[in-house]
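The values are calculated or read from the model by the stated rules, or taken from the named source; none is laboratory data. Just so we're clear, the structure is a prediction, and the values are computed from it rather than from any experiment. So basically every Cβ, Gly included, is an ideal-geometry build from the backbone, and we count neighbours across all protein chains shown.
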Amino acid sequence: MEGELKKQLLSALSAILLAGTMFGAASAAEVKSIAILTPEEGTDYGWNQQGVDAAKAAAKAAGVEVVVAQGLGYGDVRPTLRELAEEGASLLIAHASGYNTAAPEIAKELNVPVAIVDTPSALSKGLIADYTLSGHEGAYLAGRLAAKMSRSKTVGIVVSGEPPSWNSQSSAFAKGVKEENGDVKVIYAVIGPAAYSDAAGGKRVTESVIAAGADIIFGQGNGSSFGMLQAVETTKAADGGKVLFIDVIGDKSPIDKGFLLSSVVWNIEPVYAAMIADLKADTFGTKSYAIGLKDDSVKLLKTPQIPDDVWGDVQKIREDIISGKIKVEPVFEATAVRALMSDVKE
C-alpha cells in the first residue's frame, strides 16, 4: 500500500512539473507579434527610423512578427492602438512622447502590454513599461568634440522641444563643452514646445543661432533636424567658414554634403529585445531600460570632418566614462538644463 501511495505521489508530482513546463512554453509562445507606432515615417535617419529598424531586428531575432504603423502624427492614436491590439499584437510600442497618455489607457482597457517613453512613473507589471532612453554619455563626448573644433568658441544647441531625452543630452553636451574649454559659449534655442516635425522652424531658429556666432550646431529634432541641416548647409559662420552639424539618434551620412561633424547614434534593438524577453519571463513593466557607451548602444559617429588626433582624444575620454573615471549624470528637467547654458533663446 505504501509503495502504491509513493507511485501515486510521484505521478502527481510529475504531472505538476510537466504542466509547469508546458505553461512556461505557452507563456513564451504568447509573444507572437509586436507593433510599433511612430509619428513620422521611418525614413528620417533619426528617432522614427531607428525605432522601426530596431523593432524589425528585435522581432526577427526573437522569431516573432512585427507590424509597423508609421506616419501617424502627434494626435489621437487610440483608434490605431485598439486596432493593433484587436489584431493580436502581443506588445504595442508607442514610439513618441505624445502617445504616453493614450497608450496606457488602451493597455488598461484591452489588457495588452504597451511600451511608452518619457513616463518612468507609469510602470505597471505585465502591462506598461517605459523606455525613457538617454544618450547623455554620447552627448558629453559630442560636447568635448565641439569645444575642440569650434573656431569661434561659440556652439549652439537647437531642440524641437524639451522632453527628458533631449534634456539629458543637452545638459551633457553643455557639460562636455565647458569641461573641455570653459571659454566656449553655449547658445541654447528651442523651436517650440513640441516642434518635432517643424523643419521650417528648425531652419529659422538654427540660422538665428549661427547669426549669434555659433559655428557648430548640436541639433535634436526628428523631422525638424532636416531644417537645421539645411540652415547649416546654406549659412556661413561669422568668419565666413563652414558651419558643422552634430546630429542625434541616427546617421545622416547618406545625405550629408560635407557638413555633418558627428551624431550621437542610438541602437534601440537591445531595448526592444529585452522587452520581448521580459514579456516571456513575466517581468515586463517591472524595470526601466537604458542605453550607453559600454555596449555601443550609444556611440559617437566618426566622419571625415573629424581629424584623427581629435578623434583619438575623444576615444580616450570615452574609455574614461566607461571606466567610471568621468561621471556623466543625466539631467532631465528643462529648468535645470537652461541653467547650464550661456545664453537661452526662445
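Here are the numbers:
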| quantity | calculated |
| --- | --- |
| The lone exception for Leu37 - which of (1) buried (at least 17 other Cβ atoms within 10 Å of the Cβ); (2) modelled with pLDDT of 95 or more; (3) touching an Asp or Glu at 6+ places or on another chain (Cβ under 6 Å) it fails | (3) |
| Residues that are of a type in the set (Asp, Glu) and farther than 20 Å from Ile276 by Cα, drawn from the stretch 74-91 | Asp76, Glu83 |
| Tabulated pairs, the stretch 271-284, first farther than 18 Å from Gly51 by Cα, second aliphatic (A, V, I, L, M), C-beta under 6 angstrom, 6+ apart or interchain | Leu279/Val31; Lys280/Ala28; Lys280/Val31; Phe284/Ala129 |
| Any hit, the stretch 74-86, residues being at pLDDT below 95, touching a Pro at 6+ places or on another chain (Cβ under 7 Å) and not in a helix (DSSP H, G or I) | yes |
| Within the stretch 174-183, considering residues that are surrounded by 24 or more Cβ atoms within 10 Å (Cβ to Cβ) and either over 17 Å from Lys345 (Cα atoms) or outside the structural domain of Gln305 (by TED's automatic domain parsing) (or both), the one farthest from the chain's Cα centre (by Cα) | Val177 |
| The stretch 99-153, residues that are in contact (Cβ under 8 Å) with a residue 24 or more places away in the chain, of a type in the set (Lys, Arg) and not assigned by TED's automatic domain parsing to the domain that holds Asp251 | Lys125 |
| Complete set of residues in the stretch 209-232 that are hydrophobic (A, V, I, L, M, F, W, C) and part of a helix (DSSP H, G or I) | Val209, Ile210, Ala211, Phe226, Met228, Leu229, Ala231, Val232 |
| Residue count for the stretch 261-279, restricted to those that are assigned to a strand (DSSP E or B) and under 29 Å from Ile36 (Cα atoms) | 5 |
| Residue list for the stretch 286-315, filter: surrounded by 11 or more Cβ atoms within 10 Å (Cβ to Cβ), among the charged types (D, E, K, R) and at negative phi | Lys287, Lys294, Asp295, Lys299, Lys302, Asp313 |
| Count - residues of the stretch 141-173 that are farther than 12 Å from Ala214 by Cα, over 19 Å from the mean Cα position of the chain (by Cα) and either of a type in the set (A, V, I, L, M) or crowded, with 24+ Cβ neighbours inside 10 Å (or both) | 2 |
| Exclusive hit being at pLDDT 95 or above, touching an Asp or Glu at 6+ places or on another chain (Cβ under 6 Å) and outside the structural domain of Val112 (by TED's automatic domain parsing), set Ile246, Ile321, Ile306, Ile317 | Ile321 |
| Unique match (being closer than 22 Å to Lys287 by Cβ and of a type in the set (A, V, I, L, M)) among Ala69, Ala85, Ala96 | Ala96 |
| Verdict on Glu329 being assigned by TED's automatic domain parsing to the domain that holds Ser253, among the acidic types (Asp, Glu) and within 19 Å of the chain's Cα centre (by Cα) | yes |
| Tally of residues being part of a loop (DSSP other than H, G, I, E, B) and over 25 Å from the mean Cα position of the chain (by Cα) across the stretch 233-256 | 9 |
| Residue within the stretch 324-346 that is modelled with pLDDT of 95 or more, in a helix (DSSP H, G or I), of a type outside the set (Ser, Thr, Tyr) and crowded, with 19+ Cβ neighbours inside 10 Å present | yes |
| In the stretch 166-216, the residues that are over 23 Å from Glu137 (Cβ atoms) and among the acidic types (Asp, Glu) | Asp183, Asp198, Glu207, Asp215 |
| Cβ-Cβ under 6 Å pairs, at least 6 apart or on other chains, the stretch 242-253 side over 22 Å from Ser165 (Cα atoms), far side crowded, with 22+ Cβ neighbours inside 10 Å and among the aliphatic types (A, V, I, L, M) | Val243/Ile210; Val243/Val232; Leu244/Ile216; Leu244/Leu261 |
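For every residue, the table says whether it meets (1) surrounded by 20 or more Cβ atoms within 10 Å (Cβ to Cβ); (2) in contact with a Lys or Arg (Cβ under 7 Å, 6 or more places away or on another chain); (3) not hydrophobic (A, V, I, L, M, F, W, C).
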site	(1), (2), (3)
Lys185	no, yes, yes
Ala195	yes, no, no
Asp215	yes, yes, yes
Glu233	no, yes, yes
